[in-house]
Amino acid sequence: MASAPRPLVAGNWKMNGLKASRAELGKIIEGAKANPVACDLMICPPATLLESFATVALGSPVAIGAQDCHAEPVGAFTGDISAEMLRDAGASAVIVGHSERRATHRESDADVKAKASAAARAGLMAILCIGETREEREAGATLARIERQLDGSLPDTLDAQKLVIAYEPVWAIGTGLTPTVKDVAEVHAFIRKRLLKGNERTGGAVRILYGGSVKPANARELMGVADVNGALVGGASLKAEDFLGIAAAYR
């Protein structure tokens, strides 16, 4: 049996952070150096901080990612940023298909697939987000929703170096609510099975992250679930102590 992929703990800062936030990134970097963990670490700041964060993090244990990209490399798309631009600014990854963008920007699975493919084109790793609403979970439609999102959002070619899946139950993001360990295990096993169906070797190497009210108090239990290969962390990633406390699940 192939060994489990190396875990990744990534922080999505969303629309938070100013220049002064470089000090918090510095604390994360220093903490990661002082107390190494057996996982990869990444912070995804807003685009305004991307280049400066990449400069601060250069040569450190912390990679820098972005939060979204346009599917096209260049063009008349006012306000958008291409994957190539993100790479040029120092990003090594980009989040695509986050539930907040699927909802407020009405991004379809096809849109997300195009962005994931753009990330690969630019040499970035795509962190592709999927997840169900509370209504879908209560209706017993979680796995059907996950299957539709995977079928519609996955790029045509799976590359474990260019793709990470993040399962984030929409109803758990920022609410303090979390699914049971059994619920998480069921969904992650389902995702893994779907990935293996596409390509057995690559499908086993793609990391599947859990996100949704992850915090230091529940990280070890959640990260111990089969086929959970790390976490996509929201609010708890804004403070070095909390973010590193979650990563400590891999110490």
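Just so you know, all these numbers are worked out from the coordinates, no wet-lab data involved. In this text, all values refer to a predicted model and were calculated from it rather than measured experimentally. As a convention, Cβ positions derive from the backbone with ideal geometry for all residues, glycine included, and neighbour counts pool all protein chains shown.
Brief remarks on what is shown
- VAL56 sits among other residues whose Cβ lies under 15 Å from its own Cβ, and their net charge, with Lys and Arg +1 and Asp and Glu -1, is +1.
- Size of charge dipole - the range 8-250 - debye, nearest 20, with Cβ of Lys, Arg +1 and Asp, Glu -1, no other charges: 300
- Computed over the chain, relative contact order equals 22 percent, with contacts defined as Cα pairs under 8 Å that lie 6+ residues apart.
- Cα lying deepest toward the dipole's positive end in the range 8-250, options ALA89, ILE127, VAL228, charges on Cβ: VAL228
- Efficiency of FRET between ALA110 and GLU147 - r from beta-carbon atoms, R0 22 angstrom, step 0.05: 0.90
- Gain in span if fully extended, ALA38 to ALA189, counting 0.36 nm per residue against the direct Cα distance: 52.1 nm
- Spatial separation of Cα centroids for the range 63-97 and the range 130-154, in angstrom: 26
- Net charge, PRO45 excluded, C-beta distance under 15 Å - Lys, Arg +1, Asp, Glu -1: +2
- Mean projection area, nm², convex hull over Cα of the range 75-186: 8.1
- FRET efficiency, ASP159 to SER3 (Cβ-Cβ, R0 30 Å, nearest 0.05): 0.95
- Theoretical gain in end-to-end length, LYS19 to ARG220 [0.36 nm per residue, Cα-Cα removed]: 69.2 nm
- Cleavage-rule hits (trypsin sites (Lys or Arg not before Pro)) in the range 105-164: DSSP loop, at most 13 neighbouring Cβ within 10 angstrom: ARG106
- Taking each of LYS113/LYS239; LYS33/LYS182; LYS14/LYS215 in turn, the alpha-carbon distance tops 28 angstrom for LYS113/LYS239; LYS33/LYS182.
- Computed on the range 8-250, the Cα convex hull volume stands at 115 Å³ per residue.
- Order of LEU196, LEU209 under a 10 Å beta carbon neighbour criterion, fewest first: LEU196, LEU209
- Taken as Cα centroids, the range 232-250 and the range 171-189 sit 17 Å apart, rounded to the nearest whole angstrom.
- Tensor-based shape of the range 1-96 (alpha-carbon gyration tensor, a/c under 1.5 rounded, otherwise prolate or oblate): oblate
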